[in-house]
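The values are calculated or read from the model by the stated rules, or taken from the named source; none is laboratory data. Fair warning: this is a prediction, and the values are worked out from it, not measured in the lab. Ideal geometry is used to build each Cβ from the backbone, glycine not excepted, and the neighbour counts take in all protein chains shown. Accessible surface areas use protein heavy atoms only, side chains included; no ligands, DNA or RNA. Shrake-Rupley method; radii C 1.70, N 1.55, O 1.52, S 1.80 Å.
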Amino acid sequence: MEVEDQETFQQQALEIREPGDNFDPSVAPQTGEEFLMHMLYERKRCPALVVKAPKNVKKPSPLNTQIEDFVLTNEVVVERDLLPTQEWKDVQSQAFLRTRSKILMLRQHLATHNYDNNLEPPLIDDEGAWLKFCKENFPKLSIILRLNQRTLEQLLTMLSEWLSGDNMEELVCSSTSAAANHSILDLANSDQWLGSWIYAVLSCLHLPLEPSVHSTLRDIARTSMRLRSRLQSSEFQKAIPYNLFIYIIAKIFDQLDLMEYV
């Protein structure tokens, strides 16, 4: 998610363009724009199937009886230079809605061709295996569209935990896990795999959502605020993924009380 202007965030980071002659599907995307180009490429090659959710994967945590208030404490105070402009937010919301619309159209296309929804999932029922899989594989449409709503919700819960650092030291070696140390977490570069999977799952969630899923979304927003608050004012590029998740959750998923934090 590159930006050329720190003050305005004007570049359309998720503009959708058709892959050109020089497009190489084997090269991992480096920007939101390249992510969508991969989506367009994969859409043409996506197998007509969707599989059921894996068994025994950790369920989303139940909704708390009281929604936690987002109070601006020292933990979540952010440098003003890290906050995006309204223009940038408008561009991102429009791009996200276009992505969701394309995914919906593709699902409808697969449904009309009687895709098989009774195949076993490609992953075993182990959170460590999911973590390894997500780190080693970009969330292509050929993968994401094989996950039903229940699996997407379970995966979103795991992504939220990995973003916050929960279970990371138990699942992977701390010496190779940047996510285990919040001070070096960088969704724009070294930990881009995590940001890409969060964005992909958010794009594919079916609406309306269960209350427990809204709780997970708020957890992601809260963690994004906390991690963003640890950045210096000069690290605006590292703040972009956090701003994006906070804004999408607030705007698209109707958690409007969070709008004041982005």
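Does residue 224 qualify as being among the hydroxyl-bearing types (Ser, Thr, Tyr), buried (at least 22 other Cβ atoms within 10 Å of the Cβ) and not in a loop (DSSP other than H, G, I, E, B)?
yes
Being open to solvent by 50 Å² or more (accessible area, probe 1.4 Å), farther than 21 Å from residue 94 by Cα and assigned by the TED database to the domain that holds residue 149 is true for just one of 237, 232. Which residue is that?
Going through 237, 232 in turn, the sole match is 232.
Going by the conditions given, is residue 100 of a type outside the set (Phe, Trp, Tyr), at pLDDT 85 or above and within 25 Å of residue 191 (Cα to Cα)?
The answer is yes for residue 100.
Regarding residue 244, is this residue buried (at least 20 other Cβ atoms within 10 Å of the Cβ), modelled with pLDDT of 95 or more and touching a Cys at 6+ places or on another chain (Cβ under 9 Å)?
no
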